[in-house]
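Heads up: the structure comes next, in structure tokens.
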Amino acid sequence: MKKRKLLKGIFVIIDGLGDLPNKQLGGDTPLESASTPNMDFLATRGKMGMQYPVKRGYSPGSDEAIVSIFGNSLINSSRGQLEAYGAGIKPSEGDLVLRLNFATIKRKGDVVDRRAGRTLKDSEAKALAKSLNKIEFPYEFKVIPTVQHRGVLLIKGDFSDQISGDDITYQKGKSEEITRIISCKPLIKGEKAKNTAEVLNEFLKLAWRVLESHPVNEIRKKKGLLPANYLLVRTPGTKKPKLKQYQNWIATNAMPLEKGFAILSGMKNYGFNYPPLKNLDSYRTLWVGLKKKIKHTKKVIRRNIKKAEYCYVHIKETDLPGHDNKPFEKRAMIEYIDKTLMKYLVKIAPRKQIKVLVTGDHSTPCVLKNHSADPVPFLIYDGSELDKKSFGESFAKRGRLGFILGEELFRKSGFLK
């Protein structure tokens, strides 16, 4: 008789969780300011610490952070490839794949907004992509819109991934926003890298010509909205990522990056259709997505509590208020996560002897409006001790587990043994 699996642990990443003291919150961070009785319950019956997702002094992109926390080398992966697989695309080796943003630039090359004001409807992105995919180009290619301003660019051929994109915001651990568009450049000597950069630059010029005068953007400008008139691309990949395999894991992700990572890591991902942006209020859509994500996650855990050993949950919505300097919105989302998902975990974890590990993939301080190199708080509920704690940066810095690297998180917290 086949032995039945039992859920041993639930790993929750609250995207962009880490933050800095904020004057609007009386000097607290959004996490410290939030009312989180359920995360406090878990921390009280476990341990806390701080983790640098990749390494000290490094401001990671979400892909780098996730890849590193799960014990992988950054050289074996690229965000372009992860998002492609998350979008249902399986590139051949040599195909160039990049993450793209529909962005807004001025004619002289100034970057106005990397995300077209966060007001690009899914239907508008699809219309723009449809026109882009009609461009006459010597290589077979495809622009795949995913969620709102996000998408993937695939150019088929035999290319090099040793090139820079034209969006350098997160390159090499830096977190500054770019203010001017730049050309893609080869990062190594050789004809393949040089040719790849030239091909990509030529495509981006052709794409700009289509987008600049596109009817969708003309209508947006008449409404006083930022046009989505340029493609910012980053994190190129030409090979399938080689990631550690996490068999007997399940995941509940719908966003392309996290979904692609789970699939390529050998997990069984239970996705759902993320709500499309239908009006100008992107935060209304975020809240709908957050509520749907948590409802979906609870359902998946209930159905698999005797079928899987571990569960990976990634909550994306909390990162955006950090990018937009909205500390009250970030706090409200953290509180909602606590009173819904964390309340459910508090209900089942002690009774089922399930470990719960909670952290962020990186810090996104509201005052910086971007990712930073600051460490991220984490808690591990394992029933090991009973010592009153409050989950937040200040308490976590004094936690028993100290300051560690992301790649050490599972081992040093005792989540995986």
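The values are calculated or read from the model by the stated rules, or taken from the named source; none is laboratory data. These numbers come from a predicted model, not from an experiment. For neighbour counting, all protein chains shown are included, and Cβ atoms are generated from backbone atoms with ideal geometry for every residue, glycine included.
Go through the stretch 37-153 and tell me which helices (runs of 4 or more DSSP H), entirely inside it, have 3 or more residues that are more than 19 Å from ARG234 (Cβ to Cβ) and either hydroxyl-bearing (Ser, Thr, Tyr) or outside the structural domain of LYS259 (by TED's automatic domain parsing) (or both).
Output list reads 122-132.
So in the stretch 234-273, with the set limited to residues that are in a loop (DSSP other than H, G, I, E, B) and β-branched (Val, Ile, Thr), which one is nearest to the chain's Cα centre (by Cα)? Working first, answer last.
Let us first name the residues in the stretch 234-273 that are in a loop (DSSP other than H, G, I, E, B), namely 238-248, 252-255, 265-267, 270-273.
Still in the running and β-branched (Val, Ile, Thr): 238, 252.
Values: THR238: 20, THR252: 14 Å.
So, considering only residues that are in a loop (DSSP other than H, G, I, E, B) and β-branched (Val, Ile, Thr), the one nearest to the chain's Cα centre (by Cα) is THR252.
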- Query: Got a sec? Which of ALA254, ALA207, ALA197, ALA193 is at pLDDT 95 or above and under 30 Å from THR285 (Cα atoms)?
  - Reply: ALA207
- Task: Kindly indicate the residue of the stretch 383-417 that is more than 24 Å from SER33 (Cα to Cα), acidic (Asp, Glu) and surrounded by fewer than 20 Cβ atoms within 10 Å (Cβ to Cβ) and also modelled with the highest pLDDT among those meeting that condition.
- Result: GLU408
- Item | Members of the stretch 341-352 found to be of a type outside the set (Lys, Arg) and either surrounded by fewer than 18 Cβ atoms within 10 Å (Cβ to Cβ) or touching a Pro at 6+ places or on another chain (Cβ under 8 Å) (or both), listed by number | TYR344, ILE348, PRO350
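Helices (runs of 4 or more DSSP H) wholly in the stretch 300-371 with at least 1 residues that are under 21 Å from the mean Cα position of the chain (by Cα) - which ones? Reasoning before the result, please.
Values: elements: 319-323, 327-337, 343-352.
In the stretch 300-371, the matching helices (runs of 4 or more DSSP H) lie at 319-323, 327-337.
Hey, does the stretch 315-331 have a residue that's under 30 Å from GLU93 (Cβ atoms) and not assigned by TED's automatic domain parsing to the domain that holds THR104? Walk me through it before giving the result.
Taking the stretch 315-331 and keeping what is under 30 Å from GLU93 (Cβ atoms), we get 316.
Checking the rest, the ones that are also not assigned by TED's automatic domain parsing to the domain that holds THR104 come to 316.
Yes, the stretch 315-331 contains at least one residue that is under 30 Å from GLU93 (Cβ atoms) and not assigned by TED's automatic domain parsing to the domain that holds THR104.
Here is a check on your reading of the model: is LEU231 in the same structural domain as LEU153 (by TED's automatic domain parsing), in contact with a helix residue (DSSP H, G or I) (Cβ under 7 Å, 6 or more places away or on another chain), assigned to a strand (DSSP E or B) and within 30 Å of LEU206 (Cα to Cα)?
yes
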- Item | One residue from VAL288, VAL300 being out of contact with any Leu (no Cβ under 9 Å at 6 or more places or on another chain), without any contact (Cβ under 8 Å) to a residue 60 or more places away in the chain and over 24 Å from ASN370 (Cα atoms) | VAL300
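Taking the conditions exactly as written (surrounded by 24 or more Cβ atoms within 10 Å (Cβ to Cβ) and of a type in the set (D, E, K, R)), does ARG79 satisfy them or not?
Working: surrounded by 24 or more Cβ atoms within 10 Å (Cβ to Cβ): yes; of a type in the set (D, E, K, R): yes.
Judged against the criteria, ARG79 is a match.
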- Task: Any chance you could count how many residues in the stretch 356-373 are charged (D, E, K, R) and closer than 21 Å to ARG411 by Cα?
- Result: 1
